[in-house]
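Encoded as structure tokens, the structure appears first; notes follow it.
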Ligand SMILES: [Zn+2]
Ligand SMILES: [Zn+2]
């Protein structure tokens with residue numbers, strides 16, 4: 001049997017290197033001797049301190065602008081779908097959660113509904129707090145739908161396409177979206193980790209990872225490892241990436 005991975009998990013690596021149960025074969029060069037992308041990490045706390053309240057850092061904004069001018073393509077990666085990722089009452093702290101799973105519901109702007117991403121439960125938008133009856137219900141957190149809206153606001157002439165579970169609904173829509181992005185030279189592809197899986201786009205010279213550290217907080221003991229894997233894979237779709 002043969003396993004192949006750009007980012008083998010620690011368990012497999014341990015079995016190969018420490019226990020010698022698997023033979024390790026390493027590729028030390030990229031295909032075609034391509035250079036690895038240049039990576040910049042931008043601290044959004046610093047951006048906020050400098051008065052930038054947007055989800056895009058100044059550096060990423062400037063790079064997108066430059067890419068649009070040069071007719072190069074950009075991928076923006078945000079691993080949360082929907083519009084707002086949690087809904088809370090500012091008066092009493094009540095959070096709107098799924099009746100079945102007890103996790104926060106996500107607001108989906110296109111259908112104007114609240115959805116549970118685990119079991120699929122849906123309910124209408126909440127405007128009055130069910131606990132204290134105040135109207136101080138507020139929507140927080142950013143998903144791909146909100147990012148798409150923000151991009152339209154900041155770059156009104158950019159052509160965008162979004163890829164997440166909500167747009168990839170039919171059997172071939174995954175391939176169709178990627179084909180459209182490549183063939184029709186759409187400026188910006190916005191998506192969740194679906195955009196990562198081993199695609200090669202020669203005209204993509206910029207990959208922006210929004211809130212790259214957010215997946216460190218997921219409820220999984222492999223959170224660090226998973227974050228490393230996904231960021232490494234997303235970096236490989238470009239010659240350059242930014243957060
Ligand atoms: Zn649920
Ligand atoms: Zn309340």
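Sorting 125, 96 by the number of Cβ atoms found within 10 Å of their own Cβ, with the fewest placed first, yields 125, 96.
Rounded to the nearest 500, the 222 nm mean residue ellipticity of the chain from helices alone is -7500 deg cm²/dmol, with -39,500 (n - 2.57) taken per DSSP H run of at least 4 residues. Using the Cβ-Cβ distance between residue 232 and residue 133 with R0 = 45 Å, the FRET efficiency computed as 1/(1 + (r/R0)^6) comes to roughly 0.40.
Compared with the dominant principal axis of the Cα atoms in the chain, helix 173-183 is inclined by about 70°.
Taken over the stretch 89-196, the percentage of Cα pairs per 5 Å bin, counting from 0 up to the bin with the maximum distance, is 2, 11, 17, 19, 18, 12, 10, 6, 4, 1, 0.
Highest mean packing first, where packing is the average number of other Cβ atoms within 10 Å per residue, the peptides 145-151, 40-46 line up as 145-151, 40-46.
The angle separating the long axis of helix 223-235 from the principal Cα axis of greatest extent in the chain is about 70 degrees.
Note down the relative contact order for the stretch 86-140 as a percent, whole number, built from C-alpha pairs under 8 angstrom at least six residues apart. Relative contact order of the stretch 86-140: 38 percent.
Helix 144-154 and the longest principal axis of the Cα set of the chain meet at an angle near 90°. In a fully extended conformation the segment linking residue 1 and residue 158 would gain 51.9 nm over its present Cα-Cα distance, using 0.36 nm per residue. If R0 is taken as 35 Å, the Cβ-Cβ distance between residue 113 and residue 11 corresponds to a FRET efficiency of 0.35. In plain terms, the C-alpha convex hull of the stretch 86-140 casts an average shadow of 3.4 nm² when viewed from every direction. Computed from the C-beta positions of residue 90 and residue 66, the FRET efficiency with R₀ = 35 Å rounds to 0.35. Considering only alpha-carbon pairs that sit under 8 angstrom and 6 or more positions apart, the relative contact order computed for the stretch 128-243 is 22 percent. For the stretch 43-132, the spread of Cα positions along the three principal axes, ordered from largest to smallest, is 49, 29, 20 Å.
With one equal scatterer per alpha carbon and no solvent term, the Debye-computed log10 I(q)/I(0) for the chain at 0.09, 0.11, 0.14 1/Å reads -0.47, -0.69, -1.05.
Each reported figure results from applying straightforward, stated rules to the coordinates on display, with no laboratory input. On a predicted model such as this, the values are computed, not experimentally measured, just so you know. All Cβ positions, glycine included, derive from the backbone under ideal geometry; neighbour counts span all protein chains shown.
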